[in-house]
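Read through the structure below, which is laid out as structure tokens, and then see the notes.
The values are calculated or read from the model by the stated rules, or taken from the named source; none is laboratory data. Keep in mind that what you see is a predicted model, and the values were worked out from it rather than measured. Please note: Cβ atoms are built from the backbone with ideal geometry, for glycine as well, and neighbour counts cover all protein chains shown.
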Amino acid sequence: MSASVWPLVRLSLSRDRRSALSSTFGLAVGVASLVFFVSLGLGVGRVVREKVFPVDSSLVEVVPASFSLGLLGGGKLDDTAVARLEALPGVSRVFKKMNVRAPAVTIYRGDFFGRPLHMGLEVLAVGVEPDFVKRDVLMGEFVDPGPDKPIPALASTRLLEIYNKSFAPQRSLPQLSGQMLTGFVFPIDFNRSFVTATPPSASSIPAQAQLVGVSDRALLAGVTIPLDVARRLNRTANLDDVTFTAVTVQTADPSAVPLVVEAVKAMGLSVDDQERRMAENAGAAVAISTSSLALLSVLICVLAAFNIAHAFSAAVRAREKELGVMRAVGATRAALFRLVLAEALLLGLVGGLVGTLVALAAGLALDATATSLLPPFPFKPESWFLRPPWLLAGGVGLGVLAAAGGAFFPARRAAATDPARVLAG
Amino acid sequence: MIDAKGVCRVFDDGERGRLTVLDGATLQVADGEFVAVVGRSGSGKSTLLHVLGGLDTGYRGEVTVAGVRLDGLSDAALSRFRNETVGFVFQSFHLVSGVSALENVMLPARFAASPPADLEARARAALERVGLPSHAARSPGQLSGGERQRVAIARALFASPRLLLCDEPTGNLDAATADDIVALFKQLNASGLTIVAVTHEDRLRAAASRVLTLSGGRLS
Ligand SMILES: Nc1ncnc2c1ncn2[C@@H]1O[C@H](COP(=O)(O)OP(=O)(O)O)[C@@H](O)[C@H]1O
Ligand SMILES: [Mg+2]
């Protein structure tokens, strides 16, 4: 485009400010709603993915078959099965897990971070391999310290979040961080239950547990302890200490997961994809609502494009003589096409920029309002929005595209102006 | 300056069928001439000017203007020819409304292949040449009919064309103003500009160095 046409673009836009403003406004509304909703959808999607259901897509949770295959032993998760899982193509590591098969309770009576606390809780304990949770252990080694020593235990990140955002505020208990919890020692009695009758033969196994960190990979409603401790406790209680409760299979790549899942099923084992499904469902719900709102916004932009088409058609008709004169003084057909299109592109650029900025401002305002007005709740994010550069560029681009689309046919009509016809007489 | 041979222009005119407006018209104009073409309304005077100025392409015949063979030229080449070699003056001025006289005069530069750097100085000089040195900032709505036509002439002169094509340039003006405009044309012609004006008015006919009549699609 010859630079010298811009003065004409400016002139004709400033001559018809009302129409230019209404065209720009329509585009800005469409772009603003698109950027706003997509930004919100991405933000909420991130919260779901990273905080509510933090699923590692390269992991497969293998559990024994939910139905028994009889005495042939199919579907049993023992060392042989683990070895076979380890040998599957696409599998880079396996992590064994074993529940403490005896019931357990924790009875706490004492000072809890500055408040007196008295409560008893039924707890589940699961043993995992140290490497599985190594990155989250803040204190000591995650191994069996031997009897009579405190058992290293990990709590769930999500449990801590729920405690901090809903449990603690309701009971005016203090807010806790993973760091603060680390080192906290509490009693835990195995082979004892508040709910089921403990077999008379069994005697309770008292122990101490010490929190050594919080982990995404820890059991939500219970404590996560070293595998060897779980084995030892099962052995002490005369329970099964060879069959694993579950095995987490780490694949080299998430794309290997479907094949691994198939092989696992062929072995007579099952895959526990409850977490993954919940994450997928939640993610899909967010994606679906985001896309329908985005679609609606695109529709607004399409309407804005029609509005521009309408306004520009009228303008081209009204400026017929002017366009003819431009031809007479040397404008090519292409120059008139570009002139009209340039007017629209400028409106599109302004509309796109304004819309994007409005959406950003609205998002920031909402974030600020949510931070100050909404009470804390589990997984409450600092920001409900994600603002990747491509989204901002896309907002401006959509404005420009809609404007150009709307002005295309009017521009063609302008280019086709027959000067001999409009100038005669 | 102009060498047009056997120019035929036929319009497809809907229900009236084909309308032959120019039927083998031939015209030679030498450099520095002031030619008036007369003819009744509808005789094809405007059509002839559009052919000579490279605005119309639907004709048959050979047309050479200022050494440029126009028939068969591309849109880009014809546009460049209009931009650099000819200037048009119309009966109803056709100024761009809502923008200043100066901006109107500069219009050809907006479509020039290589616009001059001293745009504004040139536009002011053109306005001075037509006797409106102090009207640069006014918009067409703030000008009288005669002043508008002067601005239109300044626009036609802006790119220093070799040929001025005028389509009933005094048709919308009162007698006194029309006389002034004709005097301006004479002055421009005296300074070397070739002018072809179509008209049905006596005063332009009187000013011209040669008068041709367009009738039956031919010039005589
Ligand atoms: N684009 C066109 N389509 C159809 N008919 C046209 C067109 N332009 C001119 N005419 C017809 O050609 C004839 C000559 O027109 P014109 O050259 O404008 O005459 P003049 O300028 O002498 O009055 C008229 O009858 C007019 O209606
Ligand atoms: Mg005419």
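A few comments on the model shown:
- Hey, B:Ser74 surrounded by fewer than 14 Cβ atoms within 10 Å (Cβ to Cβ) and within 15 Å of ligand 1 (Cβ to nearest atom) or not: no
- A:Phe25 being over 26 Å from A:Gly394 (Cα atoms), out of contact with any Phe, Trp or Tyr (no Cβ under 6 Å at 6 or more places or on another chain) and away from chain B (no Cβ under 14 Å): no
- Test result for B:Gly171, at pLDDT below 95, within 16 Å of ligand 2 (Cβ to nearest atom) and touching a Cys at 6+ places or on another chain (Cβ under 8 Å): no
- For the condition among the hydroxyl-bearing types (Ser, Thr, Tyr) and within 15 Å of ligand 1 (Cβ to nearest atom), B:Ser114 does not qualify.
- Residues (of a type in the set (Phe, Trp, Tyr) and more than 14 Å from every other protein chain (Cβ to nearest Cβ)) located in the stretch A:295-338: A:Phe306, A:Phe312
- B:Ala183 vs. criteria part of a helix (DSSP H, G or I) and either over 22 Å from B:Arg82 (Cβ atoms) or within 14 Å of ligand 2 (Cβ to nearest atom) (or both): yes
- Qualifying residues in the stretch B:31-69 (those that are free of Cβ contacts under 8 Å to residues at least 60 places away in the same chain and assigned to a loop (DSSP other than H, G, I, E, B)) - the one farthest from ligand 2 (Cβ to nearest atom): B:Gly67
- Residue list for the stretch A:385-425, filter: away from ligand 1 (no atom under 16 Å from the Cβ), part of a helix (DSSP H, G or I), farther than 19 Å from A:Phe25 by Cβ and not small (Gly, Ala, Ser): A:Pro389, A:Trp390, A:Leu391, A:Leu392, A:Phe408, A:Phe409, A:Arg412, A:Arg413
- Check on B:Phe88, out of contact with any Lys or Arg (no Cβ under 6 Å at 6 or more places or on another chain), within 16 Å of ligand 2 (Cβ to nearest atom) and outside any loop (DSSP other than H, G, I, E, B): yes
- Residue within the stretch B:83-98 that is without any contact (Cβ under 8 Å) to a residue 40 or more places away in the chain and either under 30 Å from B:Ser209 (Cβ atoms) or within 15 Å of ligand 1 (Cβ to nearest atom) (or both) present: no
- Residues located in the stretch B:10-30, provided they are within 16 Å of ligand 2 (Cβ to nearest atom) and more than 14 Å from chain A (Cβ to nearest Cβ): B:Ala25
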